[in-house]
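Reading through the C-alpha cells given below for one structure.
The values are calculated or read from the model by the stated rules, or taken from the named source; none is laboratory data. This is a predicted model, so every value here is computed, not measured. Here the Cβ positions follow ideal geometry from the backbone for every residue, glycine too, while neighbour counts run over all protein chains shown. To get the accessible areas, we keep the full protein, side chains included, count just its heavy atoms, and leave off ligands, DNA and RNA. Shrake-Rupley method; radii C 1.70, N 1.55, O 1.52, S 1.80 Å.
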Amino acid sequence: VQLQASGGGLVQAGGSLRLSCAASGSGFRFTHMGWYRQAPGKERELVATVTGIGSTNYDDTVKGRFTISRDNARNMVYLDMNNLQPEDTAVYYCNQVSRSYTRTWGRGTLVTVSS
C-alpha cells in the first residue's frame with residue numbers, strides 16, 4: 001500500500017484548503033483512514049479519522065472547521081479545512097489502518113497559515 005497526499009500550501013488566516021490522499025492497493029473500503037499533523041517542535045497528533053462506512057471522528061481543535069471524507073470507488077480520502085488559523089500550520093500526513101491492523105503512513109504535505 002502506498003499513500004500519496006497532496007493539496008498543501010500557503011494560505012492566509014481564515015482561508016481554506018483541501019487535502020487529498022490517494023491510496024493504492026485493494027480493499028480500500030475496509031480500511032480506516034485518517035489525517036494527522038505535526039507542527040514544528042511538536043509531536044504528531046490526530047486530526048480526523050473516517051471508517052470504511054463513513055463514521056468520522058475529529059480532534060476538538062478542528063471540530064466545526066475541518067471535514068474528512070472518502071471516496072471508496074476512487075481510493076481517495078479528503079480533508080476540507082476551513083477558517084484556517086496559524087496554529088493549524090503543520091505537515092499533514094495521511095494514514096491507513098487495514099483490516100489486519102497494518103498501519104501505513106504517506107509522505108506529508110505542508111500547510112502554512114499566515115496571520
Quick one: accessible area per residue over segment 52-115, 1.4 Å probe, rounded to a whole number of Å²?
56 Å²
Using a 10 angstrom Cβ neighbour count of at most 11 plus a DSSP loop assignment to flag exposed trypsin sites (Lys or Arg not before Pro), which longest range of the chain is free of such sites?
1-41
When DSSP beta bridges are limited to those with both residues in the chain, what percentage is antiparallel, rounded to the nearest 5?
90 percent
Express the carbon and sulfur contribution to the solvent-accessible surface of the chain as a percent, rounded to the nearest whole number, probe 1.4 angstrom.
46 percent
Could you check the simple spin-label distance between SER98 and ASN83, using points 7 Å along Cα→Cβ, in nm with one decimal?
3.9 nm
Can you give me the P(r) profile for segment 1-41? Cα pairs, bins 5 angstrom wide beginning at 0, each as a whole percent.
5, 15, 23, 23, 16, 9, 8, 2
Evaluate the Kirkwood expression for the hydrodynamic radius of segment 11-110, namely the inverse of the mean inverse distance over all pairs of different C-alpha atoms, and round to one decimal in Å.
13.7 Å
